[in-house]
Every structure is written in C-alpha cells, then in structure tokens.
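Chemist: After the structure tokens below, expect a handful of questions from me.
The values are calculated or read from the model by the stated rules, or taken from the named source; none is laboratory data. Computed from a prediction, not measured in an experiment: that's the story for all the values here. Ideal geometry is used to build each Cβ from the backbone, glycine not excepted, and the neighbour counts take in all protein chains shown. Just so you know, the surface numbers come from the protein's heavy atoms only, side chains and all, with ligands and any DNA or RNA stripped out. Shrake-Rupley method; radii C 1.70, N 1.55, O 1.52, S 1.80 Å.
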Amino acid sequence: MSSNPDSRPNLYALTWRLPIIFWQLIFFVGPVLFMVAMSFFLVKNYRMTEAFDFVNWTRMLTRGFFWDSYWYTVVIATASTVCAMCIAFPAAFALAFRASESTRRWAIFLLIIPFFTSYLVRTFSWFVILSESGVVNAMLGYIGLGPYTMLNTNFGTLVGYMTLTLPLVVILQTVTMANIDKNLIEAARNLGCSAFRTIWQVIIPLSKTGLIIAAIFCFILSFGDFVAPFYLGGSQEPTLPILILDTTKSGQQWPRAAVVAIMMMVTLFAIAFTGIALAYRKGKGAK
Amino acid sequence: MSKPLVVFDKIQKHFGTFVAVKELDFEIREGEFLAIMGPSGCGKTTTLRMLAGLEAPTQGDIRLNDRVMNDVAPHERDTPLVWQSLALFPFLTARENVEFGLKMRGVDKAERKERALKWLDKMGILEFADRDISTLSGGQKQRVALARSLVMEPQILLLDEPLSALDAHLVIRMQAVLTDLQRELGITFVYVTHSQSEAFAMADRVIIMGKGEIAQIGSPKDIYREPANQFVAEFVGRNNILSGKVALLTNDTAHIATPSGDFTVPTNEVRLIEGHNASFVISADLVHISLSDPNDGNKAQCKLISEEFVGSMVTLFLEDAQGQEFKVQMQERELSKFDLKSGAEVWLSWDTASAHVLNES
C-alpha cells in the first residue's frame, strides 16, 4: 500500500475502507466459503447434514451429464459472445463515428431503457414473436416460407442471450470507440489505409481493452443466465444454471448444486482473468 | 521559376453556414518550402487538410501534377501529413509506426523493415526502433512522426504545426533538422504554423492567411519589410503602424499627416489620393533612437514604457504624447550606451525609405 517501509497502517484510510471490506466479507467471501463447505455436506432423508465427504465432487465430476452440460454451456455462451460482439459492432461503429454527439447521447439513453423492465418480461414477449404461429412465421408465411421452429432450440436460447446482453455490449463498444483519437484514424487514411481497413488496423487495436471487457461481460452474463435457455431454449440440453436448478429440486441436493456453482465460478474467474490480462497487455515493444 | 506542383483553383470550403475558406487561389512550386501562417481559425489547417483529402472543397479544384484531386480518396493520395498531435499509433513500436504506410502500400516485410530502419537511422533514433511510443520523449516522437511520413518518399510533405508541442530549445533543433531534410531531399514542404519565427526561419515563401483568405504571399523578407495591408502588418508584429491623411503628394513621396506629426513616406506603387486616409509601417528594427532632437526628417518624441529582452535583442515599447505606440528593436549592447530608465524621454527617427505605405483594405 505504501512504499515507505516505516509507515504504519493509516487508521483514517482504514476506517473509510471498513464498510466496503465488511460488505465484501459478508456478502461475497462468506457465502463463497459457505458454499465450498457445503459442497462436502451430505443429504440424508432430504436434509442436509454437516460432513466432510468428497462424494459430491466425485459424483458430479465423473458423470458424463455434468461435462456434457458444462461444455454445452461454454460453447453456447461463447456463441452468444461472438454473436453479440458481431451484431453490436456495426451499430456501435455508426454511433461512435457517424452519429452526432447528441444522437449518440440519445442512443445510449435508449439502450439503457431495456434494463428498466424485467428481463423475464422481455423474454416472454419473444414467445409472441418466435412461436409457430408467431409474428415472424406469419410474415414468412406470406412469402411461402416456414413455419420454422424457433422456440425450444439453440436459436431461441441465443435470442434470449441477445436480449440480455446486446444493449450492454453496444453501450460498452460505443463508449470505447467514441473515445478513440480521430486523428489516428485520419493518420492511417493519410498513410494509405482505406476506410474499411482502418477497422482492423487502427480501430480494433485502439479499442482492444474496451472490446475485451464487453466480451467478458457478455460471456459472464450468458454463462450464468437461467432464463433464456430455460424458457426460449426449452432446456432439453441443460445449461449449468438449469443443472443447478434441477439438482436442488431433485432430492434437495444442495451440496451437489454447490459443486456445479463452484465449477462455474472457477471457469468465470479463469475467463475474466485471462481476458483482462489480454486487454491490458502492452505492445511487444514495452520496456 | 519551377513549375507548380499543386494548384489551388478558386477553392472554397464551408462547414454548414460557417465559411472556413472564402477563396483560395495559389500555387505550390516544386521543391519549395512553403509556410502557411495565420491566427487560429484563419483556415490554414483546413487548407492543408483539403490537400491531404481529409476535407473536400465545397467549390473549386485542387490539382496535383495537373491531376484534379477533388475525388481522390485520402488513402490513394501521396500526401503524408505530420500532425500537430503527431498521431503516432500507441499500439505499435517506433519501427512499426514507420512501417505502417509501407505495409498499407503492400511493400513486403523485409523491405519494409530495411526502409524503416534506414529512416530511423537518418533521424538519429535507430536505437529506439523497438521501443513503445509511450516510452519516447517529445523530440524522439517528433522524429518518429517525420520518419513515418518521409519513408513513403513522397513528392510533397504536409506539416500541421508539428513543433508546437516541443520545448523552445528543441524547436530550434527541429527547425534545423527540417530545413536540412528539405534541402537534401528536394521534397516540397507545406508547413502550417501560427508561429512567425518558425515560418520565417524555414520557409522560402510564406502565405499569410486571415479569415479564410490570403492576405499576402511572398518571401519572409517581403512580408516583413513590405506588408501588403494592415492585417499583415499587425499579424507580423514588431511593426510600427501609423495612420493619417495624405497631406501632400509629390512624384514618389507623400506627406502623411498623423496625430503624431507629419511624416514623409515613399509611395511605391500604392495609389494615394490627397485628403484620403493612409497608413504606413516602419519595421521596429529600422527605427533609430537618440536623446536629443534629430532636427529634421521623420521623428517622434516618446516616453519609454517597457522593454522586452530576448537574447541579444531588445524590444522597447514607447508611447508619444498622443498615445501612439512605438516599438523599437535593437542590439542590447547598442541600447546600453543610452542607459535608459523607464519613463525616459527619447527621440525616434527613421529614414524615409524605411517606411512602407499600406494598401487600404
């Protein structure tokens, strides 16, 4: 904290940090420790009993259904991240470089509005649009296509994930790119870089940190989301959050659900850690 | 006179209702060092950006080597620009920055590296080739920016106030670097600046711009000694400007009656009419100082207000009884003979040939 070896801990500073330290201890460190402990408990007659047994861990981690679910969740959360980043980019690009200052401000305001309503409500509204007799299939019917099954498929899950993550990803990308020094883009153009090529050569390298953080957020939200895969994906192939739900419901297996939750947290920690390390990695020439 | 490399043909530039450039008509000669100078907002940077293709003229044609450039995209032009902010890519090393333009032009890797290193060496910063831009000093960054543009081996190099962020002693150093480079390479330099000392120290010709128009084009000496109008005279500074009415007109001189007295000036080619208003300037370094009344010739009695001391040159700021300001520039060792105190009364005088009548604009 201090470079001065003689200095004692500053009581004043410590006092002001106490609330946040308490908050972290009570609401984060405490529950996590409890969850870790719980993963070693046993369930007897539908009641949790304190124990120290590795049976939950071996049961979960040696089973095919856990790893199927794990890899399915990783893949679909990655797909969601790729989709969100790609769909958001043109919009964020236009808002950052083409739109006026006031248009950009309004757009960001409008992108915040979806967060005012419950995510669950927004997810349910997709039923009307995506069902066999829904709006999309009705319109496709006019031109002689369909009907297509969109609900209870991976497509449905991804639509749900986009509902959750897209506004946030667009905002993060827009803010990142709007802060780019426009001189650098013009300098690239001046040195023979076509407008389209500046995206790869200048804009993405310059907004790398913000883009990676947007992707991390998107992955974390999708990875842990229960609503989209449950209601729009039909949960035939359960994602990890659905697996947690199933595990707790069937036989009150809270300890085994804790194992799944810990595995999720470890994965997200690894993703966030590598992502942020990448985001802030200096150029190769750094000394 | 060499043939024009660039022609600005009745160029106008509007941003909405704001007129940045009213009408520009000038030529840039091949191999010259041209400075475009003016106060902020005069349209000098816009002019440079139009040449680089970063702004499109609202009206008129810009021709480079007789080719109309209006519809040529910036990346298809060979007009590298050195930016005021330098605009170096922070995610690349010094060498990668220099290689950027070559990479865009499809030059292969080995040649790119060789040419980049050659230019970094020429700029004296070879040892920093693989350093991150953020670890370089202002002067080093400046050299990387120059190398990045010059490695393209352009016919013309555009510079937008490139020295404005540097310390004073570095500015002088970089001025020498720039003039040497320009002579050696024979490239046309177009240098935009608000600094008179930079423009006059380096340029073969200077364009003075004001409010989106050219106020004067000429050699630094022409502009300094014979400003075309009051705007130039005031902008160039270190000029004494006197205004009055034409009292008497002879063959090649005129008497101009001002509140500070009657003065004789050469008419040159300026059309003067008796009884009409007229202004003239005398460069501050052409005014003599004496403690006693010089009796005849152009003279004014003044009180010393303050002095400004830069190196061996001193600028005196004086005022006569009518409140007319005078500036006198002289060598410090010359001034020390007079031993003047603030408020001292002195006489100023100058040769009639030193005065220069302004066009009324």
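Chemist: Take residue A:176 and decide whether it is open to solvent by less than 10 Å² (accessible area, probe 1.4 Å), more than 8 Å from chain B (Cβ to nearest Cβ) and part of a helix (DSSP H, G or I).
Modeler: Working: open to solvent by less than 10 Å² (accessible area, probe 1.4 Å): no; more than 8 Å from chain B (Cβ to nearest Cβ): yes; part of a helix (DSSP H, G or I): yes.
Criteria not met by residue A:176.
Chemist: So, one more: With away from chain B (no Cβ under 12 Å), surrounded by fewer than 21 Cβ atoms within 10 Å (Cβ to Cβ) and touching a residue at least 60 places away in the same chain (Cβ under 8 Å) as the only criterion, which of A:233, A:224, A:251 stands out?
Modeler: Checking each option against the conditions leaves just A:251.
Chemist: Additional query: Can you name the residue in the range A:179-205 that is of a type outside the set (A, V, I, L, M, F, W, C) and not in a helix (DSSP H, G or I) and is also most open to solvent (accessible area, probe 1.4 Å) among such residues?
Modeler: The initial filter retains those residues of the range A:179-205 that are of a type outside the set (A, V, I, L, M, F, W, C), namely A:179, A:181-183, A:186, A:189-190, A:192, A:194, A:197-198, A:201, A:205.
Narrowing further to those that are not in a helix (DSSP H, G or I): A:179, A:181, A:192, A:194.
Details: A:179: 123, A:181: 68, A:192: 9, A:194: 35 Å².
The residue in question is A:179.
Chemist: Next up: Output the residues belonging to the range A:206-220 that are open to solvent by 40 Å² or more (accessible area, probe 1.4 Å) and either among the small types (Gly, Ala, Ser) or within 7 Å of chain B (Cβ to nearest Cβ) (or both).
Modeler: Of everything in the range A:206-220, just one residue is open to solvent by 40 Å² or more (accessible area, probe 1.4 Å) and either among the small types (Gly, Ala, Ser) or within 7 Å of chain B (Cβ to nearest Cβ) (or both), namely A:206.
Chemist: Can you pull out every residue in the range B:67-100 that is of a type in the set (S, T, N, Q) and within 15 Å of residue B:153 (Cα to Cα)? Step through it out loud before you land on a result.
Modeler: Just the residues of the range B:67-100 that are of a type in the set (S, T, N, Q), to begin with: B:70, B:79, B:84-85, B:93, B:97.
The one that is of a type in the set (S, T, N, Q) and within 15 Å of residue B:153 (Cα to Cα): B:79.
Chemist: Quick one: count up the residues across the range B:268-311 that are surrounded by fewer than 15 Cβ atoms within 10 Å (Cβ to Cβ) and hydrophobic (A, V, I, L, M, F, W, C).
Modeler: Number of matching residues: 5.
Chemist: For residue B:213, state whether it is open to solvent by 40 Å² or more (accessible area, probe 1.4 Å) and modelled with pLDDT of 90 or more.
Modeler: On the way: open to solvent by 40 Å² or more (accessible area, probe 1.4 Å): yes; modelled with pLDDT of 90 or more: yes.
Criteria met by residue B:213.
Chemist: Let me ask something additional. Which pairs have Cβ atoms under 7 Å, sit 6 or more apart or on different chains, and link a residue in the range B:33-54 that is more than 14 Å from residue B:195 (Cα to Cα) and more than 14 Å from every other protein chain (Cβ to nearest Cβ) to one that is outside any helix (DSSP H, G or I) and of a type outside the set (A, V, I, L, M, F, W, C)?
Modeler: B:33/B:191; B:33/B:204; B:43/B:212
Chemist: A further question follows. Any idea how many residues of the range A:58-76 are over 26 Å from the mean Cα position of the chain (by Cα) and assigned to a helix (DSSP H, G or I)?
Modeler: 2
Chemist: Here is a follow-up. Can you find a residue that is assigned to a loop (DSSP other than H, G, I, E, B) and touching a Phe, Trp or Tyr at 6+ places or on another chain (Cβ under 6 Å) anywhere in the range B:120-130? Don't jump to the end; show me each part of the working.
Modeler: Narrowing the range B:120-130 to residues assigned to a loop (DSSP other than H, G, I, E, B): B:123-125, B:129-130.
Subsequent filtering for residues that are touching a Phe, Trp or Tyr at 6+ places or on another chain (Cβ under 6 Å) retains none.
No, there is no match, as no residue in the range B:120-130 is assigned to a loop (DSSP other than H, G, I, E, B) and touching a Phe, Trp or Tyr at 6+ places or on another chain (Cβ under 6 Å).
Chemist: Scan the range A:107-123 for residues that are surrounded by 13 or more Cβ atoms within 10 Å (Cβ to Cβ) and within 19 Å of residue A:229 (Cα to Cα) and jot them down.
Modeler: A:119, A:122, A:123
Chemist: OK, next. Test residue B:19 against the stated conditions and say whether it is among the aliphatic types (A, V, I, L, M), over 20 Å from residue B:182 (Cβ atoms) and not in a strand (DSSP E or B). Before you say what the answer is, go through the steps one by one.
Modeler: Working: among the aliphatic types (A, V, I, L, M): yes; over 20 Å from residue B:182 (Cβ atoms): yes; not in a strand (DSSP E or B): no.
It is false that residue B:19 is among the aliphatic types (A, V, I, L, M), over 20 Å from residue B:182 (Cβ atoms) and not in a strand (DSSP E or B).
Chemist: Mind checking which residues of the range B:78-135 are open to solvent by 60 Å² or more (accessible area, probe 1.4 Å) and more than 10 Å from chain A (Cβ to nearest Cβ)?
Modeler: Residues satisfying the conditions are B:108, B:109, B:110, B:111, B:113, B:114, B:118, B:121, B:122, B:126, B:127.
Chemist: Need a quick list: strands (runs of 3 or more DSSP E) entirely within the range B:251-319 having at least 2 residues that are of a type in the set (A, V, I, L, M) and over 26 Å from residue B:222 (Cβ atoms). If you could, list the steps in order and put the result at the bottom.
Modeler: On the way: elements: B:253-258, B:261-266, B:277-283, B:288-290, B:298-310.
In the range B:251-319, B:298-310 are the strands (runs of 3 or more DSSP E) which contain 2 or more residues that are of a type in the set (A, V, I, L, M) and over 26 Å from residue B:222 (Cβ atoms).
Chemist: Does residue A:51 satisfy being over 26 Å from the mean Cα position of the chain (by Cα) and open to solvent by less than 50 Å² (accessible area, probe 1.4 Å)? Spell out the reasoning first.
Modeler: Working: over 26 Å from the mean Cα position of the chain (by Cα): yes; open to solvent by less than 50 Å² (accessible area, probe 1.4 Å): yes.
In short, yes.
Chemist: Here are some conditions: (1) in contact (Cβ under 8 Å) with a residue 60 or more places away in the chain; (2) crowded, with 21+ Cβ neighbours inside 10 Å; (3) more than 14 Å from chain A (Cβ to nearest Cβ). Residue B:64 meets all but one. Which one does it not meet?
Modeler: That leaves (2) as the condition not met.
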